[in-house]
Amino acid sequence: MDAIVEAALRKWPHVPHVRGWLGLDARGHWWLRDEAAQAAGPWPSSRGSRIEHPALVAFIGRNYAADAHGAWYFQNGPQRVYVELEAAPWVWRVHVGADGGVAVTAHTGAAAAARSVWLDEHGRVFLGTDLGFGIVHSLDTDAAALALERGAWPAPQTLPFAAMPQRFGYRLSPQRDAG
């Protein structure tokens, strides 16, 4: 977490949390869901505006974490902004090098090491890593298949998508769950 964020938390410890205003899609893009987007429907059917400013995307990524109940959030100064998740809290990019080495990087830029591989009923690939659980970016499924073929990762297991949040301890919608 950024030092400026930690300082703001100490200075203003009782700022109310925000829910429903930020989404993370299955490709690792952040979405600002203003009142109009929220009124148009639930996440992810109503996305809002994609956040594209590189410095803001990096700031969100550096200050992204989970609470004790598996709800992911962005700590924006003293305010906790809970994130609506399309698929999982992490979106993995996978690169297989010419030497056969496999690199896994989160949508936030953090490096990770795959520990388990999961497939849902839609054929999507998910990884359990040292950072946590996430979906493999759709453009990297070929690289994931190559990593499996080369034996760099354990054999995949199957699990219905609806069972993944409970199994791996995360919440897709902190807004809906809050009532």
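Which FRET efficiency value, to the nearest 0.05, is calculated for Q79 and R150 with the Förster distance at 45 angstrom and r the Cβ-Cβ distance? Kindly include the intermediate steps, with their values, before the conclusion.
Details: r = 45 Å, r/R0 = 0.99.
The computed FRET efficiency comes out at 0.50.
Once every DSSP H run of n ≥ 4 in the chain is given -39500 (n - 2.57) and the sum is divided by its residues, what mean residue ellipticity at 222 nm do you get, rounded to the nearest 500 deg cm²/dmol?
Value at 222 nm, helices only: -6000 deg cm²/dmol.
Can you run phi through the Karplus equation (6.51, -1.76, 1.60; θ = phi - 60°) for region 11-18 and list ³J(HN,Hα) in whole Hz, with x for Gly and Pro?
With the stated coefficients, region 11-18 comes to 6, 10, x, 10, 6, x, 6, 10 Hz.
In Å², what does the accessible area per residue of the chain work out to with a 1.4 Å probe?
Solvent-accessible surface per residue comes out at 52 Å².
Based on the inverse mean of 1/r over its pairs of different Cα atoms, what is the Kirkwood hydrodynamic radius of the chain, in Å?
The answer is 17.0 Å.
Using 0.36 nm times the number of residues separating A103 and D177, minus their current alpha carbon distance, what extension gain do you get?
Result: 23.2 nm gained on full extension.
Accessible area, 1.4 Å probe, largest first: how do T129, T108, T158 sort?
If we order T129, T108, T158 from most to least accessible, we get T158, T108, T129.
The values are calculated or read from the model by the stated rules, or taken from the named source; none is laboratory data. Every value quoted in this text rests on a predicted model; they were computed, and no experiment measured them. We place every Cβ from the backbone using ideal geometry, glycine too, and count neighbours over all the protein chains shown. Protein only, heavy atoms only, side chains kept; ligands, DNA and RNA dropped before computing areas. Shrake-Rupley method; radii C 1.70, N 1.55, O 1.52, S 1.80 Å.
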